[in-house]
1. Would you be able to tell me the number of residues in the stretch 224-246 that are touching a residue at least 40 places away in the same chain (Cβ under 8 Å) and either of a type in the set (Lys, Arg) or surrounded by 17 or more Cβ atoms within 10 Å (Cβ to Cβ) (or both)?
2. State all residues of the stretch 122-139 that are closer than 24 Å to ILE209 by Cβ and either small (Gly, Ala, Ser) or open to solvent by 40 Å² or more (accessible area, probe 1.4 Å) (or both); if no residue qualifies, say none.
3. For the condition under 17 Å from the mean Cα position of the chain (by Cα) and open to solvent by 50 Å² or more (accessible area, probe 1.4 Å), what is the one hit in LYS90, LYS153?
4. Just checking, which of VAL160, VAL178 is open to solvent by 10 Å² or more (accessible area, probe 1.4 Å), among the hydrophobic types (A, V, I, L, M, F, W, C) and outside the structural domain of LYS47 (by the TED database)?
5. Collect the residues in the stretch 207-219 that are closer than 20 Å to TYR176 by Cα and not hydroxyl-bearing (Ser, Thr, Tyr), keeping them in residue-number order.
6. Would you say TRP119 is buried (at least 18 other Cβ atoms within 10 Å of the Cβ) and free of Cβ contacts under 8 Å to residues at least 60 places away in the same chain?
7. Taking the conditions exactly as written (out of contact with any Cys (no Cβ under 8 Å at 6 or more places or on another chain) and surrounded by 23 or more Cβ atoms within 10 Å (Cβ to Cβ)), does GLY46 satisfy them or not?
8. Looking only at the stretch 304-335, which residues are open to solvent by less than 40 Å² (accessible area, probe 1.4 Å), part of a helix (DSSP H, G or I) and closer than 29 Å to ALA41 by Cβ?
Amino acid sequence: MTKGQTTGLGRRDILKLTAVAGTALAASTILSKTAAAADDALSLKGKRIAISATGTDHYFDLQAYNAQIDEVKRLGGTPIAVDAGRNDGKLVSQLQTLIAQKPDAIVQILGTLSVIDPWLKKARDASIPVLTVDVGSTNSINNTTSDNWGIGKDLALQLVSDIGGEGNVIVFNGFYGVTPCAIRYDQLVNVVKYFPKVKIIQPELRDVIPNTVQDAFAQITAILNKYPEKGSIKAIWSAWDIPQLGATQALTAAGRTEIRTYGVDGSPEVLQLVADPNSPAGADAAQQPAEIGRTAIRNVAKLLSGQTLPRETYVPALLANKSNIADVVKKLGIG
C-alpha cells in the first residue's frame, strides 16, 4: 500500500474481516490430543522447579500460578512457588533468593521487563534454565503465551467493526513495559491507522495496580463529564480486562451504555458482562491461563529431558463477543 492510499473498506468489509478473524480463533484446537499423549511420558521426578509470580490478584495470574504448581507436582517434581504481590522490590528480592537456591529451573510469570530482566540474566549466568510466561526476554529459553499479535489485531478489528469504522476511542495504556500489553496496543494502533475516521483520544489513560477497577471507574466517569453528548465516544479499549470491568461499570452507572468496552484475558466476571445484552461490554479476548501455566511446566520437563524448545509456545485464545459468547464459554469449560 502506497503512502496516502486509503483502504476503501466499508462496514461490510470490516464485518467480513472480523468474522474471518473470529472463525480462525474459534477453529484453533484447545489442546492437541497427540501432544497431550506425548506429554504423558514427561517427568520432573527429583527436580526442584522455581515459580516466580509478579502477583496473583488477577484471574489470569492466579490460574497460571496454581496450574504450574499442580503440574510440577503431577510430574513428580517439587515446586518452589513465590508471589511478589505486585511489589517490584519484593519481586527482585524473590528472584535473588531463588537464584541462590539453585533450582533446576526458574519460571517467571509476567513482570515489567526492565525490572526482572537483569535478574533473569543473572539466573542464566548461574546456569539455571529460565523459562517465562508472558515475558519477552532474551534471557528466557522459552516463553509460553497467547498469540498476542493475533489477539491485538482481532480485538481491534472487532472494535472498529462495532463502531462502524468511525468515532473516538478511549485507550488505557499504563503498562506498555509489559510485553503482551505492548504488543496488543501496537496492534490496535496498526489497525486504527487504516481507518482515518477512528481517533484515539489523547492523552491516553493510565491503568494502575492495585485498585484497578475503582481507578478505571473514576477515570471513565471523569472522561464522560468531558464528553457528555452521546456519540462523542464510541469505545473504550484496554490491554487486559480488569480496567475494562471498571470502565463498563462506570458506563452503566452513567447511563452511557451506547459506548462499548474491549479487553483481554477472559476473566469470568467480564465474560458475564459480554453475555449480558444490556451491558456495554463489547468483547473480551479470552486466554487459557491454566493451560498456559501447565504448558510452561511441560516445557520445563521437555528441556530437562534434553529436548530443544521453540523460542515461544502459543496457547490459543478465543475472541468472545455478543454473538458467540455462549460458544466461547462452553469451549473454555467455564460455563
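1. Final tally of qualifying residues: 12.
2. GLY136, SER137, listed by residue number.
3. Just one listed residue meets the conditions, LYS153.
4. VAL178
5. ASP207, VAL208, ILE209, PRO210, ASN211, VAL213, ASP215, ALA216, GLN219
6. Taking the combined requirement at face value, the residue satisfies it.
7. Judged against the criteria, GLY46 is not a match.
8. Matches in the stretch 304-335: LEU332 only.
The values are calculated or read from the model by the stated rules, or taken from the named source; none is laboratory data. A quick note: this is a predicted structure, and the numbers were derived from the prediction, not measured. For neighbour counting, all protein chains shown are included, and Cβ atoms are generated from backbone atoms with ideal geometry for every residue, glycine included. In case anyone asks, the SASA skips ligands and DNA or RNA and just uses the protein heavy atoms, side chains included. Shrake-Rupley method; radii C 1.70, N 1.55, O 1.52, S 1.80 Å.
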